[in-house]
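Here the structure comes first, spelled out in structure tokens, and everything after it is commentary.
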Amino acid sequence: MIHEAILDHLRRSDAYLSGEDLSALLKISRQALWKHIQQLKEEGYEIEAVPHLGYRLVSSPDRLFPCEIATNLGTKFIGKKICYFDTLASTMDYAEELGLKNAPEGTVVVSEAQTKGRGRMNRQWASLKYKGIYLSLILRPKILPNATPVLTLLCAVAVCDAITEVCGLEPKIKWPNDILIHNKKAAGILTELNAEMDAVKFVVIGLGINVNNDAHQLVEGATSLKDQKKDVVSRVRLLQEILRCIEEKYLLCQKKGSAFILEQWRAYSLTLGKRVRIASHHTHKEGQAIDVDSDGALLVRTDSGLIERVTAGDVVHCR
Ligand code: BTN
């Protein structure tokens with residue numbers, strides 16, 4: 001808390017802030033202040049200390065500290081509560097526990113690394129420390145359980161909007177929620193539901209984004225934003241933009257329904273119009289991907305002319 005208060009005062013001051021004023025504002029001794037400043041420097045904050053003038057914040061590290069994310073975030077409810085970890089097994093498990101304990105809608109769990117990051121279809125999600133964004137978001141939508149796939153589409157579109165805005169790249173979505181750049185996967189979304197038969201209690205949306213991984217740190221078929229942009233990307237800025245985009249779309253959905261999400265999803269889709277093969281559990285289907293329906297299911301015209309609704313599985317683009 002005291003560190004956040006120090007940073008807050010330094011951020012708000014254009015010039016140097018004297019040790020005397022700062023320690024008076026914080027109601028601590030000059031010596032205690034000096035110790036906290038040293039600790040902040042160890043965390044990666046560049047703080048200039050000039051005799052007779054005082055302290056000045058030169059730069060902040062690209063760590064996903066709650067105070068960094070909260071600065072100028074500007075959301076109404078997403079990210080008002082942020083739980084930050086250096087390392088977690090999986091942010092999904094922690095968020096699930098919080099959800100069960102009635103954590104408010106919009107709570108974010110973020111970790112700099114994960115030891116058991118997981119993806120769809122029981123896959124692992126490589127979660128290298130300080131390289132990516134690994135977060136889970138708790139939402140409490142008033143919808144039926146079968147409408148939750150639209151939330152995943154909403155988040156996929158929000159992540160694409162944020163990547164476009166912050167990195168100037170051109171992301172695409174492979175159904176349902178793989179985010180690709182130049183046909184390589186840069187991000188993925190995992191939605192886990194806690195529901196009764198006819199009501200959603202809460203949803204945990206997990207976002208995994210390869211941000212500053214170098215090419216040799218990526219598995220085959222994967223890419224990172226840095227790899228594509230050939231430049232380091234600010235994880236804090238990207239994360240803030242993602243939270244803003246999700247909130248904006250989520251609130252609009254509550255007001256106007258989800259049709260606009262499907263429109264935006266279609267515009268980013270790499271799958272529609274392609275011949276696809278879908279593997280799910282023990283079945284395989286092949287055909288032309290023609291659309292997504294209002295529940296987020298993929299509509300596939302098989303060779304016999306039948307339109308099949310696909311709600312789960314892995315899509316391979318054939319051509
Ligand atoms: C996928 O494409 O298969 C989805 C990947 C989702 C990974 C994220 S990282 C943060 C959150 N915690 C996890 O263990 N998984 C999700």
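For region 77-91, the candidate set comprises residues that are surrounded by fewer than 18 Cβ atoms within 10 Å (Cβ to Cβ) and more than 14 Å from the ligand (Cβ to nearest atom); within that set, the residue that is nearest to Leu252 (Cα to Cα) is Phe77.
Could you tell me whether region 163-171 includes any residue that is over 12 Å from the mean Cα position of the chain (by Cα) and buried (at least 24 other Cβ atoms within 10 Å of the Cβ)? No, every residue in region 163-171 fails to be over 12 Å from the mean Cα position of the chain (by Cα) and buried (at least 24 other Cβ atoms within 10 Å of the Cβ). Looking across region 264-285, the residues that are over 15 Å from Arg309 (Cβ atoms), in a strand (DSSP E or B) and under 27 Å from the mean Cα position of the chain (by Cα) come down to Ser269, Ala279.
Just need a number here: residues in region 244-267 that are surrounded by fewer than 14 Cβ atoms within 10 Å (Cβ to Cβ) and in contact with a strand residue (DSSP E or B) (Cβ under 9 Å, 6 or more places away or on another chain).
Taking region 244-267 and keeping what is surrounded by fewer than 14 Cβ atoms within 10 Å (Cβ to Cβ), we get 254-257, 259, 263, 267.
Next, only the ones that are in contact with a strand residue (DSSP E or B) (Cβ under 9 Å, 6 or more places away or on another chain) stay: none.
Looking only at that region, the number is 0.
Residues that are under 26 Å from the mean Cα position of the chain (by Cα) number at least 2 in the following helices (runs of 4 or more DSSP H) confined to region 12-74: 66-70.
Inspection of region 145-159 finds a residue satisfying the criterion of being touching a residue at least 12 places away in the same chain (Cβ under 8 Å), buried (at least 23 other Cβ atoms within 10 Å of the Cβ), more than 9 Å from the ligand (Cβ to nearest atom) and within 23 Å of Gln217 (Cβ to Cβ).
Could you please give the count of residues in region 98-149 that are in a loop (DSSP other than H, G, I, E, B), in contact with a helix residue (DSSP H, G or I) (Cβ under 9 Å, 6 or more places away or on another chain) and of a type in the set (D, E, K, R)? The total comes to 4.
So, Ile189, is that one over 16 Å from Leu154 (Cβ atoms) and surrounded by 13 or more Cβ atoms within 10 Å (Cβ to Cβ) or not? The answer is no for Ile189.
Say whether the condition of being more than 19 Å from Ala222 (Cβ to Cβ), away from the ligand (no atom under 12 Å from the Cβ) and either at pLDDT 95 or above or polar (S, T, N, Q) (or both) is met by at least one residue in region 167-175. Outline the logic, then answer.
Within region 167-175, the subset more than 19 Å from Ala222 (Cβ to Cβ) is 168.
Going one step further and asking which of them are away from the ligand (no atom under 12 Å from the Cβ), we end up with 168.
Those left that are additionally either at pLDDT 95 or above or polar (S, T, N, Q) (or both): 168.
Yes, region 167-175 has at least one match.
When region 106-135 is filtered for residues that are over 17 Å from Thr191 (Cα atoms), more than 8 Å from the ligand (Cβ to nearest atom), crowded, with 18+ Cβ neighbours inside 10 Å and without any contact (Cβ under 8 Å) to a residue 60 or more places away in the chain, only Glu112 remains. Only one of the listed residues (Ile189, Ile261, Ile205, Ile246) is of a type in the set (Val, Ile, Thr), in contact with a Cys (Cβ under 8 Å, 6 or more places away or on another chain) and away from the ligand (no atom under 16 Å from the Cβ). That residue is Ile261. Per the conditions (1) closer than 29 Å to Glu68 by Cβ; (2) in contact with a Phe, Trp or Tyr (Cβ under 9 Å, 6 or more places away or on another chain), the sole criterion not satisfied by Glu165 is (2). Looking at region 208-243, which of the residues that are assigned to a loop (DSSP other than H, G, I, E, B) and surrounded by 17 or more Cβ atoms within 10 Å (Cβ to Cβ) is farthest from the ligand (Cβ to nearest atom)? Going through the qualifying residues, I end up with Val233. Of note, Ala103 does not satisfy the criterion of being within 15 Å of the ligand (Cβ to nearest atom) and among the small types (Gly, Ala, Ser).
The values are calculated or read from the model by the stated rules, or taken from the named source; none is laboratory data. For clarity, every value in this text was computed on a predicted model and none was experimentally measured. Every residue, glycine as well, gets a Cβ built from its backbone with ideal geometry; the counts of neighbours run over all protein chains shown.
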